[in-house]
Amino acid sequence: MLHGYLEWTSMQNLPAHLPVHIHVSPAVVAHLPRRKAQGPATAHGRGQYSVRRDSMPVAVAAALEAMDAWHPEDFAAAVTGDAILDDGEGPALHGREELRDWCAGECAGPHVKMRLVGDRTEADTTLVGARVLPPARDVAPHDATLAFTVEDGLVAHLQIDGWRGPPTATWSGTGAHLHR
């Protein structure tokens with residue numbers, strides 16, 4: 001469903017704005033122009049993102065939404081072919097397929113949700129503070145820091161601190177500080 005205003009000229013040649021709600025097929029929505037904060041249209045989310053932050057790059061918003069919506073294919077589409085992910089739990093992962101598998105195993109499989117607590121972008125790096133909300137009742141929600149590096153409009157590097165438990169980094173209102 002699209003929401004917006006229809007602009008037209010009335011019979012008296014006065015501009016008019018009418019609120020409009022139109023049902024459109026997903027195939028058509030995927031080809032419509034998008035605002036920067038909406039990110040790319042995907043087969044699953046079609047841009048209906050809960051993450052709508054004009055302050056972060058489109059690729060970062062798309063990756064966060066894919067993680068939160070449990071769509072590994074959409075996550076893989078937001079990263080470069082040679083992207084690197086370091087979640088501090090083992091060796092760094094390299095390439096779109098390994099990152100897709102990580103998203104499937106760490107986000108989609110356990111149905112993890114996130115609530116963003118802040119973000120800061122400087123040059124090509126975006127730091128995001130998130131409250132990780134595991135579905136298991138025996139695992140307490142905890143804070144994580146995600147550092148995205150964007151190259152050519154896609155995420156090239158993602159460093160995560162605190163994905164599975166309390167981070168070694170701290171989040172402040174002005175940004176995250178990664179300490180390893």
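The values are calculated or read from the model by the stated rules, or taken from the named source; none is laboratory data. Keep in mind that this is a model prediction, so the values were computed, not measured. Using ideal geometry, Cβ is built from the backbone for each residue, glycine included, and neighbour counts are taken over all protein chains shown.
Got at least one residue in segment 162-180 being modelled with pLDDT of 75 or more and in a strand (DSSP E or B)?
We begin by selecting, within segment 162-180, every residue modelled with pLDDT of 75 or more; these are 162-165.
This time we only want the ones that are in a strand (DSSP E or B), so: none.
Scanning segment 162-180 turns up no residue that is modelled with pLDDT of 75 or more and in a strand (DSSP E or B).
Can we say A92 is in contact (Cβ under 8 Å) with a residue 24 or more places away in the chain, out of contact with any Lys or Arg (no Cβ under 9 Å at 6 or more places or on another chain) and within 24 Å of A77 (Cβ to Cβ)? Before the answer, list the steps.
On the way: in contact (Cβ under 8 Å) with a residue 24 or more places away in the chain: no; out of contact with any Lys or Arg (no Cβ under 9 Å at 6 or more places or on another chain): yes; within 24 Å of A77 (Cβ to Cβ): yes.
In short, no.
Please count how many residues of segment 116-130 are closer than 13 Å to G162 by Cβ and of a type outside the set (G, A, S).
Step one: filter segment 116-130 for residues closer than 13 Å to G162 by Cβ, giving 117, 127-130.
Filter once more, so that each one left must be of a type outside the set (G, A, S): 117, 127-128.
Number of matching residues: 3.
Filtering segment 126-153 down to residues that are aliphatic (A, V, I, L, M) and surrounded by fewer than 19 Cβ atoms within 10 Å (Cβ to Cβ), which residue is nearest to P57 (Cα to Cα)? Steps first, please.
Initially, segment 126-153 is screened for residues aliphatic (A, V, I, L, M), giving 127-128, 130, 132-133, 136, 139-140, 144, 146-147, 150.
Narrowing the set further to residues that are surrounded by fewer than 19 Cβ atoms within 10 Å (Cβ to Cβ) leaves 133, 136, 139-140, 147.
Details: L133: 24, A136: 31, V139: 31, A140: 30, A147: 12 Å.
The residue in question is A147.
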